[in-house]
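Trainee: Have a look at the structure that comes next, please.
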Amino acid sequence: MLNKGLRSEEDQRINSILQKLMTLVFLPENWDESDLSTELHKIGMSVEDLCNFDSDTLNRHLIKFNFDWKQLEEFADALVVLSQREGYSNLKEKAKALYQFIQTESKSFSFEIMSKLSQL
């Protein structure tokens with residue numbers, strides 16, 4: 001368990017990565033996959049890992065890197081957007097599984113996540 005100061009630093013680090021990921025997935029078609037790879041590397045993953053991990057492995061990996069529930073949801077949001085790009089269609093199922101994981105494990109019900117699930 002992280003103490004409050006370390007947790008705050010870790011939150012800032014993860015939020016920075018998520019913010020960069022969100023800007024990358026909303027870029028036009030001529031985006032550079034190496035930028036995505038750079039950001040994923042900061043959380044111990046490669047683009048190949050992201051595509052090849054099964055849903056449970058991905059969920060455990062993100063928890064291991066201290067993502068909280070909100071950060072997990074934001075990562076799933078990025079997966080949904082990224083899944084619309086050619087070659088990344090399998091990420092939609094991983095996002096769906098991540099949303100379901102959040103609903104189950106967080107012990108709190110979110111209408112927003114349920115809405116996102118119904119749209120998938």
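Trainee: For region 68-83, what are the residues that are open to solvent by less than 10 Å² (accessible area, probe 1.4 Å) and either farther than 20 Å from K116 by Cα or of a type outside the set (G, A, S) (or both)?
Mentor: Q71, L72, F75, L79, L82
Trainee: Still on this model: In region 49-81, which residues are over 18 Å from E33 (Cβ atoms) and either touching a Pro at 6+ places or on another chain (Cβ under 7 Å) or among the charged types (D, E, K, R) (or both)?
Mentor: Once the filter is applied, which keeps residues that are over 18 Å from E33 (Cβ atoms) and either touching a Pro at 6+ places or on another chain (Cβ under 7 Å) or among the charged types (D, E, K, R) (or both), region 49-81 yields D54, D56, R60, K64, D68, K70, E73, E74, D77.
Trainee: Just give me the residues in region 92-102 being open to solvent by 10 Å² or more (accessible area, probe 1.4 Å) and closer than 12 Å to K116 by Cβ, in sequence order.
Mentor: K92, K96, Q100
Trainee: Continuing with this model, one more query. Step by step: first the residues of region 46-67, then only those that are among the hydrophobic types (A, V, I, L, M, F, W, C) and under 20 Å from E86 (Cα atoms), then the one that is surrounded by the most Cβ atoms within 10 Å (Cβ to Cβ). Which residue is that? Please lay out each step first, then the result.
Mentor: We begin by selecting, within region 46-67, every residue among the hydrophobic types (A, V, I, L, M, F, W, C); these are 47, 50-51, 53, 58, 62-63, 65, 67.
Now drop any that are not under 20 Å from E86 (Cα atoms), which leaves 47, 50-51, 53.
Details: V47: 17, L50: 20, C51: 13, F53: 16.
Top of the filtered list is L50.
Trainee: Out of S89, S34, report the one residue that is open to solvent by 50 Å² or more (accessible area, probe 1.4 Å), modelled with pLDDT under 90, more than 21 Å from E9 (Cα to Cα) and not in a loop (DSSP other than H, G, I, E, B). Full working, then the answer.
Mentor: Numbers: S89 fails: not in a loop (DSSP other than H, G, I, E, B).
Every option except S34 fails the conditions.
The values are calculated or read from the model by the stated rules, or taken from the named source; none is laboratory data. From a predicted model like this one, the values you see are computed outputs, not experimental measurements. With ideal geometry, Cβ positions are generated from the backbone for all residues, glycine too; neighbour counts draw on all protein chains shown. Please note that ligands, DNA and RNA were not included when accessible areas were found on the heavy atoms of the full protein model with its side chains. Shrake-Rupley method; radii C 1.70, N 1.55, O 1.52, S 1.80 Å.
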